[in-house]
Amino acid sequence: MFTPSGLISFPSLVGGMAIIQDIGHLILPVDDMPKALAFYRDLLGFQILGKGSSVWTVIEAKGGQVTLWRTDKVVKVSYGPEGEDTPFEFHVEDFEKAANLLESKNIRVKRFSTSAGVVWDPFGNAFRVHDHRNG
């Protein structure tokens, strides 16, 4: 139903029960699980949650989880005119050090400043990285 301000309004849920119970998965599509684990676990430092599989593996870092899904049916997470926009953003202790290390491993990095930039995984997914250093 529309309100006088034009915003959509919905009546309260019966009994206060939420429709969404929790966040299921934030998915990053990958082409090859061993290669994805080499990147996300071994290079970036994510931990595997549970057993994982060759198709579906949940990884985590402080603050949240991401699911790596081996599929060729989903477009990679990268949009915008230069493919550098993404809903994923991760924190690092020192962006310059992280960017230098990733570039030394031939990982594509675009620097926006000395404390932020975007990184592309081996599959074309983009994610922003930044630190909170002063200076």
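The values are calculated or read from the model by the stated rules, or taken from the named source; none is laboratory data. Predicted model only: the values in this text are computed from it and were never measured. Cβ: placed from backbone, ideal geometry, glycine included. Neighbour counts: every protein chain shown.
Provide a single number: the residues in region 97-129 that are over 20 Å from T67 (Cα atoms) and either of a type in the set (S, T, N, Q) or touching a Ser or Thr at 6+ places or on another chain (Cβ under 6 Å) (or both).
6
Restricting to region 108-135, give me the number of residues that are assigned to a loop (DSSP other than H, G, I, E, B), free of Cβ contacts under 8 Å to residues at least 40 places away in the same chain and closer than 22 Å to L28 by Cα.
The total comes to 1.
Go through K62, K73, K35, K51 for me and flag whichever is of a type outside the set (V, I, T) and modelled with pLDDT under 90.
Going through K62, K73, K35, K51 in turn, just one is of a type outside the set (V, I, T) and modelled with pLDDT under 90: K73.
Can you find, within region 84-104, the residue that is nearest to V118 (Cα to Cα) among those that are small (G, A, S) and crowded, with 16+ Cβ neighbours inside 10 Å?
The qualifying residue nearest to V118 (Cα to Cα) is A99.
Would you mind stating whether G24 is of a type in the set (G, A, S) and either under 14 Å from N125 (Cα atoms) or at pLDDT 90 or above (or both)?
For G24, the condition - of a type in the set (G, A, S) and either under 14 Å from N125 (Cα atoms) or at pLDDT 90 or above (or both) - is not met.
Count, please, the residues in region 34-60 that happen to be within 17 Å of A126 (Cα to Cα) and aliphatic (A, V, I, L, M).
6
Which residue, of A38, A18, is part of a helix (DSSP H, G or I) and surrounded by fewer than 16 Cβ atoms within 10 Å (Cβ to Cβ)?
Sole residue among the options that is part of a helix (DSSP H, G or I) and surrounded by fewer than 16 Cβ atoms within 10 Å (Cβ to Cβ): A38.
I need a count of the residues in region 65-101 that are outside any loop (DSSP other than H, G, I, E, B), within 10 Å of the chain's Cα centre (by Cα) and either more than 19 Å from K35 (Cβ to Cβ) or not assigned by TED's automatic domain parsing to the domain that holds Y40 (or both).
The number of residues fulfilling the criteria is 3.
Just checking, how many residues over region 102-135 are among the charged types (D, E, K, R) and more than 18 Å from the chain's Cα centre (by Cα)?
3
Can you tell me which residue in region 67-83 is nearest to D31 (Cα to Cα), limited to those that are surrounded by 12 or more Cβ atoms within 10 Å (Cβ to Cβ) and aliphatic (A, V, I, L, M)?
This residue is L68.
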